[in-house]
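J.: Encoded as structure tokens, here's the structure I'll be asking about.
The values are calculated or read from the model by the stated rules, or taken from the named source; none is laboratory data. Note that this is a predicted model, so its numbers are computed, not measured. Note: ideal-geometry Cβ built from the backbone for every residue, glycine included; neighbour counts use all protein chains shown. To get the accessible areas, we keep the full protein, side chains included, count just its heavy atoms, and leave off ligands, DNA and RNA. Shrake-Rupley method; radii C 1.70, N 1.55, O 1.52, S 1.80 Å.
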Amino acid sequence: MPVEVIFFNVGQGDCTFLWFYEVQGGSGGGAVSPLANRQGVGAALIDCGSLLATPHHSTVGQPGTDDQRMVGHIRQVIADRLGRNAGAAKDRLDYLFLSHPDTDHHNKLGALLCNSAGTLDFGIQEVWHTGKPQDYYGRQTQGFIYDLLAKGRWGNLTNGTHAVAKAPWRVPLHSAALPVPIAPGATGMPELSLISSSLYAEPGGKKAVSKVRGKRSSTWKNAASLVFLLTGEPAPGTGLRQKVLLMADAEEGVEDFLMGSDLVNRKYQRESNLWLKAGHHGSMWATSDEWVAYTTPDALLISSGRASFGGTGMPAESHLNDIRKVLAPHGIPQPAIAPQQQHAYASFQKGNQPPFVVQNTSEGICTTLVESPVGGRGWLGVDWHLIIDDPQPGAYHLEYN
């Protein structure tokens, strides 16, 4: 069964959508199936938040603020996919995952999932989160996240047609309990597994930090990120499977844990193509040389904005150059990218004005920030669509639009 993974442009934030579907009426001559021929069977949303919005390039000239245009575009795409779901799955998310309690990962969920009356426009079967509910809403006693996670309030979100089916639950897992199968490899289904969660969070009831090899301590929030592995179907003949690693804001400490726990099964290394959603927006403190060498990704998918943190932005061109050097000896072919192989990417270059620079590449460096202001128009972004196992297991389609 194919899966479409959409890495949405949200500026300085994160939003990833997984859509599982079956092909109806043929795939169209060996190419990826037309959208009209796809019938959805399930979907999951990982986060939706932004601290500094970047509207999608397709919304130029449309009314509204950058934030409104950005969220409106994401809502339109998700509504289209969920509307193509079959049966009881129509207009429904099977899973809403809140990767960790950083604002730029969850503060747009209300605008995305609810109508003007504050009730759900989409059904939600299950909600998983790491950290305690109050870590998300603090002292707030109103709003979507409060109604979703506060004790006894999740049932209030229903509009009569759409509701949260099950009470949201925390994922307080540690290494002994991982990985956790979510879509556990039923016949014809890809596998989705939770592979890291709450790794350093609250041992002995106290919030902790993760030390990054003598460099700095990452917050417990980042270290506790829900990290997922999506594994495709075996390809005919070889039996090799594609993999997608979705790292949220996990940094080097989590990467070290994943490598150390994978010495036997090698679940996090490539078989066929491997696609890496870079941790923490391409931060210098994530996607270490060791992790890149271990996973050898075909492409890095980076949710990137133009916010500067103490004079540093993400991803830094110097960090991308380090990644290039690590990958070079492995001789991995450049991925096929549509609609044009050469595409724009943005990176932080210290000393430049402005510090974020847009360049062109044919490599698998795929940022959601792709266009700097020109002719009075502001910064713009694109979504990256990765489709695996369409038209057959082992095939992929990587596109920006």
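J.: Residues Val370, Val358, Val382, Val374: which one is surrounded by fewer than 13 Cβ atoms within 10 Å (Cβ to Cβ), farther than 21 Å from Ala31 by Cα and either modelled with pLDDT under 95 or of a type in the set (A, V, I, L, M) (or both)? Spell out how you get there, then give the answer.
T.: Details: Val370 fails: surrounded by fewer than 13 Cβ atoms within 10 Å (Cβ to Cβ); Val358 fails: surrounded by fewer than 13 Cβ atoms within 10 Å (Cβ to Cβ); Val382 fails: surrounded by fewer than 13 Cβ atoms within 10 Å (Cβ to Cβ).
Step by step, each of Val370, Val358, Val382, Val374 is checked, and only Val374 is surrounded by fewer than 13 Cβ atoms within 10 Å (Cβ to Cβ), farther than 21 Å from Ala31 by Cα and either modelled with pLDDT under 95 or of a type in the set (A, V, I, L, M) (or both).
J.: Take the residues of region 255-294 that are among the β-branched types (Val, Ile, Thr) and touching a helix residue (DSSP H, G or I) at 6+ places or on another chain (Cβ under 9 Å): which is surrounded by the fewest Cβ atoms within 10 Å (Cβ to Cβ)?
T.: Applying the filter and picking the extreme gives Val292.
J.: Is region 32-42 home to any residue that is open to solvent by less than 10 Å² (accessible area, probe 1.4 Å), in a helix (DSSP H, G or I) and under 24 Å from Trp128 (Cα atoms)?
T.: Kept after step one, since they are open to solvent by less than 10 Å² (accessible area, probe 1.4 Å), are these residues of region 32-42: 33, 40, 42.
This time we only want the ones that are in a helix (DSSP H, G or I), so: none.
Checking region 32-42: not a single residue is open to solvent by less than 10 Å² (accessible area, probe 1.4 Å), in a helix (DSSP H, G or I) and under 24 Å from Trp128 (Cα atoms).
J.: Where the second residue is among the aliphatic types (A, V, I, L, M) and open to solvent by 50 Å² or more (accessible area, probe 1.4 Å) and the first is part of a helix (DSSP H, G or I) and lies in region 62-74, which pairs have Cβ atoms under 8 Å and are six or more apart or on separate chains?
T.: Taking only residues 6 or more apart or on different chains, the pairs are Val71/Ala111.
J.: Restricting to region 295-304, count the residues that are within 15 Å of Leu258 (Cβ to Cβ) and either assigned to a loop (DSSP other than H, G, I, E, B) or in contact with a helix residue (DSSP H, G or I) (Cβ under 7 Å, 6 or more places away or on another chain) (or both).
T.: So the count comes out to 2.
J.: Conditions: (1) at pLDDT 95 or above; (2) open to solvent by 10 Å² or more (accessible area, probe 1.4 Å). Asn9 meets all but one. Number of the miss?
T.: Of (1) at pLDDT 95 or above; (2) open to solvent by 10 Å² or more (accessible area, probe 1.4 Å), only one is false for Asn9: (2).
J.: Give me a count of the residues in region 143-174 that are under 22 Å from the mean Cα position of the chain (by Cα) and open to solvent by 60 Å² or more (accessible area, probe 1.4 Å).
T.: Adding up the residues that qualify gives 4.
J.: Within region 228-254, which residues are among the aliphatic types (A, V, I, L, M), in contact (Cβ under 8 Å) with a residue 60 or more places away in the chain and crowded, with 18+ Cβ neighbours inside 10 Å?
T.: Pass one, region 228-254, residues among the aliphatic types (A, V, I, L, M): 229-230, 235, 240, 244-248, 250, 254.
When the remaining residues are screened for being in contact (Cβ under 8 Å) with a residue 60 or more places away in the chain, the result is 230, 235, 240, 244, 246, 248.
Once the filter is applied, which keeps residues that are among the aliphatic types (A, V, I, L, M), in contact (Cβ under 8 Å) with a residue 60 or more places away in the chain and crowded, with 18+ Cβ neighbours inside 10 Å, region 228-254 yields Leu230, Ala235, Val244, Leu246, Ala248.
J.: How many residues does region 100-138 hold that are aromatic (Phe, Trp, Tyr) and either surrounded by fewer than 19 Cβ atoms within 10 Å (Cβ to Cβ) or touching a residue at least 40 places away in the same chain (Cβ under 8 Å) (or both)?
T.: 2
J.: Among the residues of region 182-224 satisfying the criterion of being closer than 24 Å to Ile387 by Cα and modelled with pLDDT of 80 or more, which is most open to solvent (accessible area, probe 1.4 Å)?
T.: Per the criteria, the residue is Glu191.
J.: Against the definition (modelled with pLDDT under 95, of a type in the set (S, T, N, Q) and open to solvent by 40 Å² or more (accessible area, probe 1.4 Å)), how does Gln24 come out, yes or no?
T.: yes
J.: Given the structure, is Ala307 over 30 Å from Glu233 (Cβ atoms), in contact (Cβ under 8 Å) with a residue 40 or more places away in the chain and in a loop (DSSP other than H, G, I, E, B)?
T.: Details: over 30 Å from Glu233 (Cβ atoms): yes; in contact (Cβ under 8 Å) with a residue 40 or more places away in the chain: yes; in a loop (DSSP other than H, G, I, E, B): yes.
Yes.
J.: Is it fair to say Lys267 is of a type in the set (D, E, K, R), assigned to a loop (DSSP other than H, G, I, E, B) and within 22 Å of the chain's Cα centre (by Cα)?
T.: yes
J.: If you take the residues of region 332-355 that are polar (S, T, N, Q), within 21 Å of Thr54 (Cα to Cα) and out of contact with any helix residue (DSSP H, G or I) (no Cβ under 7 Å at 6 or more places or on another chain), which of them is most open to solvent (accessible area, probe 1.4 Å)?
T.: If we filter region 332-355 for residues that are polar (S, T, N, Q), which is where we start, we get 334, 340-342, 347, 349, 352-353.
Now restrict to residues that are within 21 Å of Thr54 (Cα to Cα): 347, 349, 352-353.
Checking the rest, the ones that are also out of contact with any helix residue (DSSP H, G or I) (no Cβ under 7 Å at 6 or more places or on another chain) come to 352-353.
Numbers: Asn352: 61, Gln353: 165 Å².
Top of the filtered list is Gln353.
J.: Name the residues in region 47-76 that are hydrophobic (A, V, I, L, M, F, W, C) and surrounded by fewer than 19 Cβ atoms within 10 Å (Cβ to Cβ), would you?
T.: The first filter runs over region 47-76 and keeps only residues hydrophobic (A, V, I, L, M, F, W, C), leaving 48, 51-53, 60, 70-71, 74.
Listed by number, the residues that qualify are Leu51, Leu52, Val60.
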